[in-house]
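Here is the structure we will look at, set down as structure tokens.
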């Protein structure tokens with residue numbers, strides 16, 4: 001039987017900290033078979049990944065790995081970033097400064113992040129209207145949402161405490177250039193599955 005749906009006032013909800021969230025995982029309170037992330041103090045279930053999502057993410061990671069080459073960064077896929085004490089999202093892809101071993105004791109923080117990308121097949125609204133504010137408040141300078149269905153790339157820049165002030169939408173055959181790597185250009189066609 002499904003739980004009764006009710007609307008609660010946000011001020012009456014418990015806001016979990018990153019520390020609480022980790023303890024719940026350590027004690028087995030969170031089901032290890034359910035993918036969750038901590039967003040603004042709330043534990044949320046992550047959407048299931050369809051074939052197009054998986055293919056797009058693999059293409060994106062492969063292209064970025066090749067373009068970044070020997071730069072002192074690495075591509076992280078679906079791994080946590082601790083934005084603050086109440087948010088630890090797991091973006092589809094992030095370009096992180098340093099090496100993997102630099103984060104053996106803690107997850108990357110916003111100052112370590114060069115680019116965040118969410119791949120949207122069923123999550124476009126959440127990625128463009130909720131997560132954009134979360135990443136902007138954390139000061140992430142370059143946030144992208146790759147919209148698979150419409151074959152578009154949403155680029156969010158110039159973060160403020162209330163959101164991004166720039167939102168560009170690119171379509172094929174355009175190229176996108178990450179802010180942190182102005183000499184690198186990604187073709188949208190190279191990171192989207194072929195049209196069937």
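Couple of notes before you dig in:
- Matching residues in the stretch 131-156 - criterion: being at positive phi and touching a residue at least 40 places away in the same chain (Cβ under 8 Å): 151
- Considering 189, 165, 160, the condition of being in contact (Cβ under 8 Å) with a residue 24 or more places away in the chain and either under 27 Å from residue 109 (Cβ atoms) or over 13 Å from the mean Cα position of the chain (by Cα) (or both) is satisfied by 160 alone.
- The residues in the stretch 87-106 that are crowded, with 17+ Cβ neighbours inside 10 Å and touching a strand residue (DSSP E or B) at 6+ places or on another chain (Cβ under 7 Å) can be counted, and the count is 10.
- Screening residue 178 with (1) part of a strand (DSSP E or B); (2) within 17 Å of the chain's Cα centre (by Cα) gives one miss only, at (1).
- Within the set 94, 114, the sole residue that is under 13 Å from residue 73 (Cβ atoms) and under 11 Å from the mean Cα position of the chain (by Cα) turns out to be 94.
- Residues of the stretch 117-130 satisfying the condition of being without any contact (Cβ under 8 Å) to a residue 24 or more places away in the chain and over 12 Å from the mean Cα position of the chain (by Cα): 125, 129
- Annotation: of all residues in the stretch 185-196 being assigned to a loop (DSSP other than H, G, I, E, B) and touching a helix residue (DSSP H, G or I) at 6+ places or on another chain (Cβ under 7 Å), the one that is surrounded by the fewest Cβ atoms within 10 Å (Cβ to Cβ) is 193.
- Count of residues meeting criterion [in a strand (DSSP E or B), touching a strand residue (DSSP E or B) at 6+ places or on another chain (Cβ under 9 Å) and modelled with pLDDT of 80 or more] in the stretch 8-52: 5
- The set of residues in the stretch 51-82 being over 22 Å from residue 101 (Cβ atoms) and either buried (at least 16 other Cβ atoms within 10 Å of the Cβ) or in contact (Cβ under 8 Å) with a residue 12 or more places away in the chain (or both) consists of 52, 53, 55, 56, 57, 59, 60, 63, 67.
- Hey, residue 182 more than 30 Å from residue 21 (Cα to Cα), out of contact with any helix residue (DSSP H, G or I) (no Cβ under 6 Å at 6 or more places or on another chain) and without any contact (Cβ under 8 Å) to a residue 40 or more places away in the chain or not: yes
- Residue in the stretch 53-61 that is assigned to a loop (DSSP other than H, G, I, E, B) and at pLDDT below 95 present: no
- Scanning the stretch 20-45 for residues that are closer than 21 Å to residue 131 by Cα and in contact with a helix residue (DSSP H, G or I) (Cβ under 8 Å, 6 or more places away or on another chain) yields 38, 39, 40, 43.
- For the stretch 170-184, the set of residues classified as crowded, with 16+ Cβ neighbours inside 10 Å and over 18 Å from residue 116 (Cβ atoms) is empty.
The values are calculated or read from the model by the stated rules, or taken from the named source; none is laboratory data. Worth saying up front: this structure is predicted, and the values here are computed from it rather than measured. Heads up, the Cβs are rebuilt from the backbone with ideal geometry, glycines too, and the neighbour counts pull from every protein chain shown.
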